[in-house]
Amino acid sequence: MARSKCPTCEYHEFEAVHVTTKTGQKFCLIQCVACGTVVGALDDVKITNVIKNAEKKLSKFLENLNRKVVTVCNRKNS
Ligand SMILES: [Zn+2]
């Protein structure tokens, strides 16, 4: 995979900056750590969805893990 770089200074590190517009819309800007050039923007709704999806995956993972633990415990008891 190609490495992301800033179009202005060619630096490789970026940071997410949360901003709120005058109308109350929330955005997340992706900007170069070195010079602050904005290379991308996400709206808050998308970020929330990403977090929700991650939560779903995590809870499924924990569910599976619980089942495995229960199986192991049952084996020990029998
Ligand atoms: Zn830059």
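The values are calculated or read from the model by the stated rules, or taken from the named source; none is laboratory data. Values in this document were obtained by computation on a predicted structure and should not be read as measured data. Here Cβ is always computed from backbone atoms with ideal geometry, including for glycine, and neighbour counts include all displayed protein chains.
Observations on the structure shown:
- Qualifying residue in region 26-47 (condition: exposed (fewer than 12 other Cβ atoms within 10 Å of the Cβ), more than 28 Å from Met1 (Cβ to Cβ), within 17 Å of the chain's Cα centre (by Cα) and not charged (D, E, K, R)): no
- Matching entry among Glu15, Glu10 (being within 16 Å of the ligand (Cβ to nearest atom), assigned to a loop (DSSP other than H, G, I, E, B) and charged (D, E, K, R)): Glu10
- Residues in region 36-56 that are hydroxyl-bearing (Ser, Thr, Tyr) and either in contact (Cβ under 8 Å) with a residue 24 or more places away in the chain or farther than 23 Å from Val19 by Cα (or both): Thr37 only.
- Region 21-72 - residue that is part of a helix (DSSP H, G or I) and of a type in the set (Lys, Arg) and, of those, nearest to the ligand (Cβ to nearest atom): Lys46
- Qualifying residue in region 57-68 (condition: at pLDDT below 95, exposed (fewer than 11 other Cβ atoms within 10 Å of the Cβ) and within 30 Å of Thr21 (Cα to Cα)): no
- Ile47 of a type outside the set (S, T, N, Q), at pLDDT below 90 and out of contact with any strand residue (DSSP E or B) (no Cβ under 7 Å at 6 or more places or on another chain): no
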